[in-house]
Amino acid sequence: MKRLFVFFMLCNFLSFADDGSRLWLKYDLIKSESQRKVYSKTYKKIVVLNQTPGIELAAKELQEALTGLLGTKIPISYESNNVTSSKKSIVLGLTDLGSEEGFSIAGDNKSARIESKSEIGLLYGTFAFIRRIQNLESTTFQLTDSPKVKVRMLNHWDNADGTVERGYAGSSMWKWPELPETIDPRLIQYARANASIGINAVSINNVNASSRFLTPEYLRKIKGVADVLRPYGIKVFISVNFKSPKTLGGLETSDPLDESVRNWWLKKTNEIHDYIPDFGGYLVKANSEGEPGPQDYGRTHADGANMLAAALEKRDGIVIWRAFVYNADINGDRFQEAFNQFKPLDGSFHEKVVVQVKNGPIDFMPREPFHPMFGAFPKTPLAMEFQITQEYLGQSTHLTYLAPMFKETLDSKIDANYTVAEVVEGTKDKFPISVIAGVANTGSDVNWTGHPFNQANWYAFGRLAWDYSLSSEQIAKEWTNMTLSHEPSVVNSIVDLMTESLPTYIKYTYPLGLHHMMGEGHHYGPQPWLEKSGRPDWTSVYYHRADAKGIGFDRNGKMSNALSLYSKEVQNKWNNPATCDLNYLMWFHHLDWTYKLSTGNTVWDELMIRYFQGPEEVKAMQSQWEKLKGKIDSEFFDNVAGRLKTQEREAYWWRDACYLYFKDFSKLPLPNGLKAPSRTLEDVKNIERIYHLR
Ligand code: GCV
């Protein structure tokens with residue numbers, strides 16, 4: 001037995017290639033012996049004061065973590081509440097103080113004590129404690145923490161046939177054919193990972209929803225997943241197809257004001273609770289991109305949402321109703337659609353309804369100004385919807401760390417007093433419900449997320465959903481320490497790469513606030529020339545509006561009035577092209593190619609400088625990455641090195657496509673020192689065409 005243990009320790013030391021499946025919960029032996037000693041001297045046993053299944057789960061997680069990190073098996077002992085001596089122990093116990101999901105930890109060089117009012121709070125406290133050790137932090141500290149937002153949720157866009165809409169990490173993790181009889185052990189890993197960052201809700205299926213998920217056959221399967229997630233404090237939501245009463249229930253209509261329809265939803269809701277007693281509620285995409293909804297019956301979004309809320313009246317669950325709606329109007333501005341449709345409904349939603357709004361007004365572009373609905377709905381709780389999966393952000397081949405983007409939106413000021421985060425949290429308008437959601441980037445890939453660095457985006461989303469005041473750098477540092485290395489120079493280099501990755505990506509794709517110029521349908525790579533699609537607002541020319549004079553979408557009165565949807569303070573920040581944040585310039589202004597910017601360059605020159613800098617920065621990222629060879633896990637290293645090569649090729653693809661296309665409008669030369677590519681516009685158009693071949 002002893003020999004086996006030594007072998008295990010040796011493997012740990014030699015650090016075998018890692019397939020990434022353990023995410024940030026690696027628990028590999030801490031390399032520095034002196035550092036290990038600090039912890040092993042202090043923590044010799046785990047003392048559990050209240051023996052409940054939830055606390056046992058936390059104690060076992062702690063034991064597994066310490067065994068791996070310190071290389072010694074720490075025993076768990078169960079003691080009564082009146083234990084007096086807790087020397088050399090980590091004590092886990094319930095207390096009457098604090099909030100439901102919060103916890104406190106006090107530690108010194110003799111012991112540590114993790115306390116919470118609830119079992120789940122103790123699990124969160126335990127993961128926070130483990131995180132401290134994974135980050136080699138001091139044993140002496142006091143920490144009291146609780147989540148700022150109540151529902152911290154992943155939205156899976158997983159389909160009943162096992163595909164994932166906008167998924168870039170394999171197929172669905174939910175193996176529908178096998179469920180519920182066979183439970184994939186990966187589901188437990190998934191639950192642990194989520195609990196470790198405080199995620200407490202999961203919507204299980206695509207918002208472009210199939211009614212299949214409401215059949216008894218599928219409810220049994222969803223129950224199978226819910227049962228695995230429950231001990232980790234995670235509630236399950238279902239995305240519903242609004243037409244289900246008709247398609248599934250055989251009713252004549254799905255009109256939300258029809259009594260038979262209302263009864264159908266009530267009965268269905270009761271049936272769901274028979275399978276999943278702690279059902280989280282419904283997530284709904286209605287009257288958007290072809291999905292059915294209340295407007296099909298001349299009713300409003302509030303009528304639809306309130307009907308579902310009424311069905312949940314006697315339950316804990318809530319209705320999350322998405323505001324991602326827009327009409328095909330060539331003369332309109334998609335930017336304003338959701339605002340205009342929902343604004344008259346402010347104050348008419350049932351108290352169990354939260355309206356979920358994407359971070360920006362268009363559609364998860366790499367950089368969007370915050371959605372103007374935040375701050376303009378004092379009578380409706382608004383949920384934040386981020387996209388963790390990188391539909392428009394390099395999918396699984398570009399290294400793009402998203403925490404800075406999440407932060408940019410959350411930290412945006414809606415007026416002189418409040419930030420977007422405070423609106424979502426409910427501090428501004430005092431709502432009892434608050435929700436923050438991220439469209440998940442997980443799939444069946446061994447490492448869960450395709451690009452190994454995309455794990456960091458899942459991690460960052462969870463950490464910010466728990467506490468939006470954390471900095472992107474701190475989160476990147478934590479994740480790197482837990483996933484890749486403790487060596488300060490290595491950590492600094494990786495954090496630096498992560499921090500610079502989004503600005504670099506934006507340079508070669510959407511500089512100066514350009515948006516929505518990606519390939520049609522697949523949304524991969526550039527297609528700024530796209531001028532005909534199923535709808536005008538699915539084209540690129542609708543957004544960049546390039547012409548012989550200039551480029552950009554004037555939303556300051558000339559092309560639309562969208563800027564007027566914001567508070568006076570925000571309007572004043574963005575309404576003048578001379579002072580508008582350059583990152584948002586083309587979102588609000590159409591400027592002459594020769595317009596002089598605050599940088600001293602003309603619009604054309606500045607755009608080109610950025611487009612040409614982008615790929616060079618990717619090359620610099622590659623050199624920086626090469627220096628890490630041998631210093632981090634080899635499988636992780638090789639995987640990223642390969643993807644960086646693809647990223648470089650595709651950064652040039654973006655650059656060349658945008659330069660070659662826009663130059664025919666501006667008719668201007670490249671700024672000094674920049675060399676035109678040898679390929680033609682037709683060459684780059686051909687690359688995109690491949691994606692439409694059958
Ligand atoms: C689930 C974008 C995506 C769609 C997605 C939609 C939404 O349009 O391309 O795949 O559909 O957003 O958020 O509903």
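Throughout, read-outs are computed from the coordinates displayed, never taken from laboratory work. What you see is a predicted model, and the numbers here were worked out from it, not measured in a lab. Glycine gets a Cβ as well: all are built from the backbone with ideal geometry, and neighbour counts include every protein chain shown.
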Per DSSP H run of at least 4 residues, take -39500 (n - 2.57); add these up for the chain, divide by its residues and hand me the 222 nm value, nearest 500 deg cm²/dmol.
-12000 deg cm²/dmol
Based only on other Cβ atoms within 10 Å, what is the fewest-to-most ordering of W574, W479, W448?
W574, W448, W479
Dipole in debye (nearest 20) - the range 273-351, about Cα centre, beta carbon charges: Lys, Arg +1; Asp, Glu -1:
40
For K60 paired with D411, estimate the spin-label separation in nm (one decimal), with each label point 7 Å from Cα along the Cα-to-Cβ line.
4.1
Please name whichever of G347, Q295, T182 sits farthest to the positive end of the charge dipole of the chain, dipole taken about the Cα centre and charges placed at Cβ: Lys and Arg +1, Asp and Glu -1.
T182
Under 14 Å from the Cβ of D316, count the other residues' Cβ atoms, weight Lys and Arg +1, Asp and Glu -1, and hand me the total.
+2
Taking a ≥ b ≥ c as the square roots of the Cα gyration tensor eigenvalues, with a/c under 1.5 meaning rounded and otherwise prolate when a/b beats b/c or oblate if not, the range 103-237 comes out prolate
Beyond 49 Å, what percent of the Cα pairs of the chain remain?
16
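For the residues E422, E616, what sequence is obtained by ranking on other C-beta atoms within 10 Å, fewest first?
E616, E422
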Excluding T646 itself, calculate the net charge of residues whose Cβ lies under 14 Å from the Cβ of T646, where each Lys or Arg counts +1 and each Asp or Glu counts -1.
+1
Report the label-to-label distance for R186 and D161 in nanometres (one decimal), using points 7 Å from each Cα along the Cα→Cβ vector.
2.0
In debye to the nearest 20, the charge dipole size for the chain, taken about the Cα centre with +1 at each Lys and Arg Cβ and -1 at each Asp and Glu Cβ, equals 1400
Net charge of neighbours whose Cβ lies under 12 Å from the Cβ of D18, counting Lys and Arg as +1 and Asp and Glu as -1:
-3
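Expected output is a single nm value to one decimal: the length gained when fully extending between E313 and K88, i.e. 0.36 nm times separation in residues minus the C-alpha distance. What is it? Walk me through the numbers on the way to the answer.
Working: separation 225, 0.36 × 225 = 81.00 nm, distance 4.93 nm.
Answer, rounded to one decimal: 76.1 nm.
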How much of the DSSP bridge set in the chain is antiparallel, in percent, rounded to the nearest 5?
25
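For K619 and T140, what does the FRET efficiency come to when R0 = 41 Å and r is the distance between their Cβ atoms, rounded to the nearest 0.05? Before the final figure, lay out each step's value.
Working: r = 45 Å, r/R0 = 1.09.
Computed FRET efficiency for K619 and T140 comes out at 0.35.
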Given R₀ = 30 Å, FRET efficiency for N109-S21 by Cβ-Cβ distance, to 0.05?
0.30
Sequence of Y542, Y459, Y282 once ranked by neighbouring C-beta atoms within 10 Å, starting from the fewest:
Y542, Y459, Y282
Going toward the positive end of the dipole of the range 51-158, with +1 on Lys and Arg Cβ and -1 on Asp and Glu Cβ, which of Q63, H156, T140 do you reach last?
T140
At 7 Å along the Cα-to-beta-carbon direction for both L582 and E520, put a label point, then send me their distance in nm to one decimal.
3.4
Return the percentage of antiparallel bridges among DSSP beta bridges fully within the range 63-129, rounded to the nearest 5 %.
45
Output the Kirkwood hydrodynamic radius of the range 551-694, Cα pairs only, in Å rounded to one decimal.
18.0
So if each residue of separation counts as 0.36 nm, and I subtract the Cα-Cα distance between V446 and F665, what length gain in nm does that give?
74.2 nm
Net length gained if the chain between N561 and N686 were fully extended (0.36 nm per residue, minus Cα distance)
41.3 nm
